[in-house]
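Just below is one structure, and these are the notes that go with it.
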Amino acid sequence: MVTFNKKKFKQLFENKMYSIYAQSIEEANNEQLLTILSSVIKDIISKKWIETRLSCEKEVYYFSIEFLMGRQLKSNLLNLDIQKTIKDGLQEMGISLDDLINAEGDPALGNGGLGRLAACFLDSMASLNISGHGYGLRYKYGLFEQKFVNGYQVEVPDNWLTQGSYIWETVRPNKAIVVKFEGKVYLVEENNKLKAYHKNYIPVMAIPYDIPIIGYQNEYINTLRLFKSEVINRDFGPLTSNAKNHFGSYEEALKYKYYTEEISQSLYPNDSNYAGKLLRLKQEYFLVSAGMQDIIRKYKKSKLNILDLSKNIAIHINDTHPTLCIPELMRILIDEEQLSWDEAWCITKNTISYTNHTIMAEAMEKWPIDMMKKLLPRIYMIIEEINRRYVQNLNNKYNDHEKIKRMSIINHENISMANLCIVGSHSVNGVAALHTDLLKKEVLNEFYDDEPEKFNNKTNGIAHRRWVMNCNEDLSDLITDLIGDKWKKDTLQLKELEKYKNNSQVLSKLNNIKYSNKKRLADFISKEYNIEINPNSIYDVQIKRLHAYKRQLLNVLHILHLYHELLENPNFDMEPRTFIFGAKAAPGYDLAKCIIKFINSVANKINNDEKIENKIKVVFVENYGVSLAEIIIPAADVSEQISTTTKEASGTSNMKFMMNGAITLATLDGANVEIYEQVGDENIILFGLKASQVLNYNKYGGYSALDLYNSNRYIKRVVDDLINGFIPNMGNEGRKIYDSLITYNDEYFVLRDFENYIEAQYKVNELYKQKEKWNSISLVNIANSGMFSSDRTISEYAKYIWFKGVR
Ligand SMILES: *Cc1c(COP(=O)(O)O)cnc(C)c1O
């Protein structure tokens, strides 16, 4: 793409430095150098970026309340294929590219898997020449920064916009959009049609900030557009005539300023309590309305017929947070485009598709009617009418009052977002085979029976460019040496690696790469945490949000078990192990925070006990996020995917680990099932309850944690550690965890799976002694990880959901 060379780059760089900072390169700090570099890169892509934006293909818009992008510099250079030119050019100016790569901030505009999936999808859409763009919010504060103080999680505001701006963004104030809240809606009959007048609303300005999403060496550049909320510009034109005047007094103006700016102020952990519920609803509508108006404005400029919207545009909603896309599109089509209800409904359904991400009841979004009515009066009217027609339709089909109540969108004073999504879209997909199966057979069974053709599976994937090519360059080079570089654009080619599974030379190279990644992580941990870990030990890693269903507790109880075994018998046969954790707990999630304190306390005791001769080390890294994942995953030997079966919809870290050659230790949950299908019995270590067993317990009961505790001395030993003072500095936290297991009967079957988990961990130990066999399994895992590229996932979305019958 880029017809520029080292000389030209240096010239551009120097000129930028003078024009932006009016200083010499020698005087600049890393932050400034990075700003200049990103600015030069934006200049060189600008022409292509505009071209891609003006392309006339069918366009996809991906709405997500989170985008967990990670650092962009390295990935942008790789995708533009200018890494070497830039590196050399910088070097000649005395600047280290690696320093700049590491100086870049990591925007935490997401919690975990859901936000990271959105980021991987953007990467894949651009790389597959799909005109697919993201819509999200430009939170002033992302997910909190986590610190440990005395073993407790402490949350510090994530002030990622220290410079006031983000190096990759371009603000477009000329494309601002007004979103309307509150006020009153009057329906007036005009020419036999009801016309809606929205009066006295509170206007909030949505300012777009665009981030380029650069495809992999294909000259294709899409956009992630993030909206920031601001007070309306007083000169914004005539639309303010119906808006409430908020500039009456100084106090009014201040209140109004707070009201607007609060909306994009900070990201909520989605799985915490529901404090700030109203604000969250404001955020969701703000994102949806700004994005939807933006899409329609652009569409109309292109002079296409509004009746053809679904032929030219696909809108995807990532979980239920952007559900209001459905009534918002109805509002625009009816109130602004003057279409009939039936026309608008047909277009809306055919345009919108929805991904479900969880079956956990407490994570299903519901909004009180009163809240919706007051905040979004017109949207509420439309939801009510969608529901009225839907229920009427159900009444014609079924004579079952209870069933209809369960399926209706509005019930028990609440609006169910999942139900609205299913009714108002043409496609509902789960994110792994088992999860989709559970949606069909259990959670959404009645909807499935009603409209089976809507339901489908799209197993998640990960951007292999970021998660192998960028974060594990040595492995990437080895693969290319062995099978050529076709795998970079078609990961199914990785299968070719399997022919080396008995080749000692190759396995030894693989081993050396793993070792050097482990060494790199050991150096990092030594520097950051002052803990020395042994690169020859097994690196056993669990990194993901902290949640009871993910069962970090099971992991740490097993560590305690090993510790007891070692104390009782110093010759206990075990390979040295380093357990690595990384996890944030939602600020309002008490049990999760207790578990963090527990792990840290266990780590502190074990790491400082000389009796066990460093056989076990436990490291809990602070502030887990994308950048940490990028150095931990390439170094992992064991990938802990130990959720309570049925609870993890897919998981994606399981795929990242697999592609980097870690061996999966897993329950048959989420996409672990598909990993198992890819590699077979010999190349994965499984344990725990099957989905059917968990479903049976949930339906019919029959599980007693107390009985297990009383009958199994290993279980009793580690559970008692929670409350008997064996672990120093445990306050009330141990008791709370104990109660969750014993008093409240262990909702997540930690104790039920404990023995089985110990056995599985023992298999890990035995296997690691046969290092060549281990490496062979590692290679087989890499070879069969091809289907977990998000390129495969996105191709399926494109073919079966977005471009069905188009491409
Ligand atoms: C991939 C990823 C996740 C998702 O991890 P799971 O184990 O699938 O829950 C969460 N956070 C970050 C930073 C990730 O990169």
Asn614 being assigned to a loop (DSSP other than H, G, I, E, B), away from the ligand (no atom under 16 Å from the Cβ) and open to solvent by 10 Å² or more (accessible area, probe 1.4 Å): yes
Residue match in region 327-337 (condition: of a type in the set (Lys, Arg) and within 30 Å of the chain's Cα centre (by Cα)): yes
Members of region 370-417 that are among the acidic types (Asp, Glu) and under 19 Å from Phe181 (Cα atoms): Asp370, Glu384
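So that you can scan it fast, the table gives a plain yes or no per residue for (1) under 21 Å from the mean Cα position of the chain (by Cα); (2) free of Cβ contacts under 8 Å to residues at least 40 places away in the same chain; (3) crowded, with 23+ Cβ neighbours inside 10 Å; (4) more than 16 Å from the ligand (Cβ to nearest atom):
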site	(1), (2), (3), (4)
Asp99	no, no, no, yes
Ala103	no, no, no, yes
Leu114	yes, no, yes, no
Ala118	yes, no, yes, no
Leu122	yes, no, yes, no
Gly132	yes, no, yes, yes
Glu145	yes, no, no, no
Val154	no, yes, no, yes
Tally, over region 373-386, of residues that are within 15 Å of Ile202 (Cα to Cα) and either among the acidic types (Asp, Glu) or touching a residue at least 40 places away in the same chain (Cβ under 8 Å) (or both): 6
Pairs, first closer than 25 Å to Val673 by Cα and away from the ligand (no atom under 16 Å from the Cβ) in region 457-485, second open to solvent by less than 40 Å² (accessible area, probe 1.4 Å) and not aliphatic (A, V, I, L, M), C-beta under 8 Å, six or more apart: Asn457/Asn429; Asn457/Gly430; Asn457/His435; Asn457/Thr436
Complete set of residues in region 126-165 that are under 30 Å from Glu57 (Cα atoms) and part of a loop (DSSP other than H, G, I, E, B): Leu128, Asn129, Ile130, Ser131, Arg138
Which listed residue is under 22 Å from Thr793 (Cα atoms), away from the ligand (no atom under 13 Å from the Cβ), crowded, with 24+ Cβ neighbours inside 10 Å and at pLDDT 95 or above, from Gly651, Gly661, Gly680: Gly661
Where Asp43 falls short, out of the listed (1) of a type in the set (Asp, Glu); (2) in contact with a His (Cβ under 9 Å, 6 or more places away or on another chain); (3) within 22 Å of Gln163 (Cα to Cα): (2)
Subset of region 564-589 that is of a type in the set (D, E, K, R) and either at pLDDT below 95 or part of a loop (DSSP other than H, G, I, E, B) (or both) - its residue that is farthest from Gln153 (Cα to Cα): Asp573
Subset of region 664-677 (residues that are open to solvent by less than 10 Å² (accessible area, probe 1.4 Å) and either assigned to a helix (DSSP H, G or I) or out of contact with any Phe, Trp or Tyr (no Cβ under 8 Å at 6 or more places or on another chain) (or both)): Asp669, Gly670, Asn672, Ile675
Residue match in region 34-55 (condition: within 16 Å of the ligand (Cβ to nearest atom), under 30 Å from His321 (Cβ atoms) and either among the β-branched types (Val, Ile, Thr) or outside any helix (DSSP H, G or I) (or both)): no
Residues satisfying the stated conditions in region 8-50, i.e. surrounded by fewer than 13 Cβ atoms within 10 Å (Cβ to Cβ) and in contact (Cβ under 8 Å) with a residue 60 or more places away in the chain: Glu26
Strands (runs of 3 or more DSSP E) within region 404-483 that include 1 or more residues touching a strand residue (DSSP E or B) at 6+ places or on another chain (Cβ under 7 Å) and of a type in the set (Ser, Thr, Tyr): 414-416, 427-430
Lone unmet requirement of (1) small (Gly, Ala, Ser); (2) outside any loop (DSSP other than H, G, I, E, B); (3) open to solvent by 50 Å² or more (accessible area, probe 1.4 Å) for Gly94: (2)
Residue that is among the aliphatic types (A, V, I, L, M), modelled with pLDDT under 95 and out of contact with any Lys or Arg (no Cβ under 8 Å at 6 or more places or on another chain), where the choices are Leu161, Leu128, Leu194: Leu194
The lone exception for Lys773 - which of (1) over 32 Å from the mean Cα position of the chain (by Cα); (2) more than 26 Å from Ala671 (Cα to Cα) it fails: (2)
Candidate set from region 618-640 (those that are within 11 Å of the ligand (Cβ to nearest atom) and either among the hydrophobic types (A, V, I, L, M, F, W, C) or open to solvent by less than 10 Å² (accessible area, probe 1.4 Å) (or both)); member that is nearest to Glu532 (Cα to Cα): Ile632
Subset of region 532-558 [more than 13 Å from Leu665 (Cβ to Cβ), surrounded by fewer than 22 Cβ atoms within 10 Å (Cβ to Cβ) and more than 16 Å from the ligand (Cβ to nearest atom)]: Glu532, Asn534, Pro535, Asn536, Ser537
Sole exception among (1) in a helix (DSSP H, G or I); (2) small (Gly, Ala, Ser); (3) within 16 Å of the ligand (Cβ to nearest atom) for Ser692, by number: (3)
Neighbours by Cβ (under 7 Å, 6+ apart or cross-chain): first from region 491-503, assigned to a loop (DSSP other than H, G, I, E, B); second among the hydroxyl-bearing types (Ser, Thr, Tyr): Lys501/Ser776; Asn502/Ser776
The lone exception for Leu307 - which of (1) crowded, with 18+ Cβ neighbours inside 10 Å; (2) in contact (Cβ under 8 Å) with a residue 24 or more places away in the chain it fails: (1)
Filter pass, Ala108 being open to solvent by less than 20 Å² (accessible area, probe 1.4 Å) and either out of contact with any helix residue (DSSP H, G or I) (no Cβ under 9 Å at 6 or more places or on another chain) or among the small types (Gly, Ala, Ser) (or both): yes
Glu219 vs. criteria more than 21 Å from Ile332 (Cβ to Cβ), open to solvent by 20 Å² or more (accessible area, probe 1.4 Å), out of contact with any strand residue (DSSP E or B) (no Cβ under 6 Å at 6 or more places or on another chain) and in a strand (DSSP E or B): no
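The values are calculated or read from the model by the stated rules, or taken from the named source; none is laboratory data. On a predicted model such as this, the values are computed, not experimentally measured, just so you know. When we count neighbours, we look across all protein chains shown, and the Cβ atoms used for this are built from the backbone with ideal geometry, even at glycine. Surface areas here come from the heavy atoms of the whole protein model, side chains and all, with no ligands, DNA or RNA. Shrake-Rupley method; radii C 1.70, N 1.55, O 1.52, S 1.80 Å.
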